[in-house]
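> Got a structure for you, written out below as structure tokens; questions coming shortly.
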Amino acid sequence: MHESGIAKDLFSAVCRIAAEKKLRSVTKVRLKVGEASGIDTDFLRHSFGDHVFPGTIASTAKLIIIPEKVRLKCRKCGRTTRTVKMNHPCRCGEDDWEISSGQEVYVASIDGIR
């Protein structure tokens, strides 16, 4: 369960953003979780709620997980899409895709009290 380690890393980003915004407490944390990230959002939510948030600046924060769709980019022509599978050819005839988004997990934003 690597979600616990990821939650701790994300919380470091939350603390950094809170310090930049000069927040006394964090009330809401919005995370973007890519479909291709391999993250189990239930485990991630559990890690934050039971292991990361308690006793911190975000002890009462609401965690919002926003799914991010996978976007593919054709390596030959540069076309991007969300609708094809990796082994389906592009309009240009190639089937050489790279994932251009939807693999990441990151803090989208936080809210808090100054």
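> Explain nothing, just the number: dipole magnitude of segment 53-95 about its Cα centre with +1 on each Lys and Arg Cβ and -1 on each Asp and Glu Cβ, in debye rounded to the nearest 20.
Charge dipole, segment 53-95, about its Cα centre: 220 debye, nearest 20.
> Let me ask something else. Using modelled backbone amide H atoms (1.01 Å from N, in-plane), which distant-in-sequence or interchain residues come within less than 5 Å of C90's amide H?
D95, D96
> R0 = 30 Å: FRET efficiency of D96 with A13, Cβ-based, nearest 0.05?
FRET efficiency, D96 to A13: 0.35.
> Sticking with this one: Name the long-range amide H neighbours of A108: under 5 Å, sequence gap of 5 or more, or other chain; modelled H, no Pro or chain starts.
The answer is R30, L31, K32.
> Using +1 at the C-beta of Lys and Arg and -1 at the C-beta of Asp and Glu, which of S101, A58, T81 has the Cα lying farthest in the positive direction of the dipole of segment 41-114?
About the Cα centre, the residue reaching furthest to the positive side is T81.
> What order do you get for H46, H88 when you list them from fewest to most C-beta neighbours inside 10 Å?
Ranked by crowding around the Cβ, least crowded first: H88, H46.
> Okay, next question. If amide H atoms are built 1.01 Å from N in the plane of the peptide, which residues on other chains or at least 5 residues away come under 5 Å of the amide H of V70?
Here E35 satisfy the definition.
> Which of K69, K28 comes first, and how do the rest follow, when ranked by fewest Cβ neighbours within 10 Å?
Final ranking by Cβ density, sparse to dense: K69, K28.
> Right, something else. Only four residue types carry charge here, +1 at the Cβ of Lys and Arg and -1 at the Cβ of Asp and Glu. Report the dipole size of segment 68-114 about the Cα centre in Debye, rounded to the nearest 20. Intermediate results must be reported in sequence, preceding the final value.
Working: 10 positive and 7 negative charges, 40 e Å.
Dipole about the Cα centre, nearest 20: 200 debye.
> Can you count the Lys pairs in the chain whose Cα atoms are under 27 Å apart, with each pair 8 or more apart or on different chains?
So the count of such lysine pairs works out to 19.
> Residue by residue through segment 49-61, what is 3J(HN,Hα) from phi via Karplus (6.51 cos²θ - 1.76 cosθ + 1.60, θ = phi - 60°)? Round to whole Hz and write x for glycine and proline.
x, 9, 10, 9, 5, x, x, 10, 4, 10, 4, 10, 5
> Sticking with this structure for a sec: How large is the dipole of segment 34-114 about the Cα centre if only Lys and Arg carry +1 and Asp and Glu carry -1, each at its Cβ, rounded to the nearest 20 debye?
Dipole about the Cα centre, nearest 20: 420 debye.
> Here are several values of Rg and Dmax of the Cα atoms in Å: (i) 14.6, 46; (ii) 17.5, 55; (iii) 13.5, 41. Which one was derived from the coordinates shown?
(ii)
> On to the next question. Got a sec to turn the phi values of segment 12-17 into Karplus ³J(HN,Hα) couplings, 6.51 cos²θ - 1.76 cosθ + 1.60 with θ = phi - 60°, whole Hz, x for Gly and Pro?
4, 5, 4, 5, 5, 5
FYI, it's all coordinate maths here, none of it is from the lab. Only a predicted model underlies this, so the values are computations on that prediction, with no experimental measurement involved. When we count neighbours, we look across all protein chains shown, and the Cβ atoms used for this are built from the backbone with ideal geometry, even at glycine.
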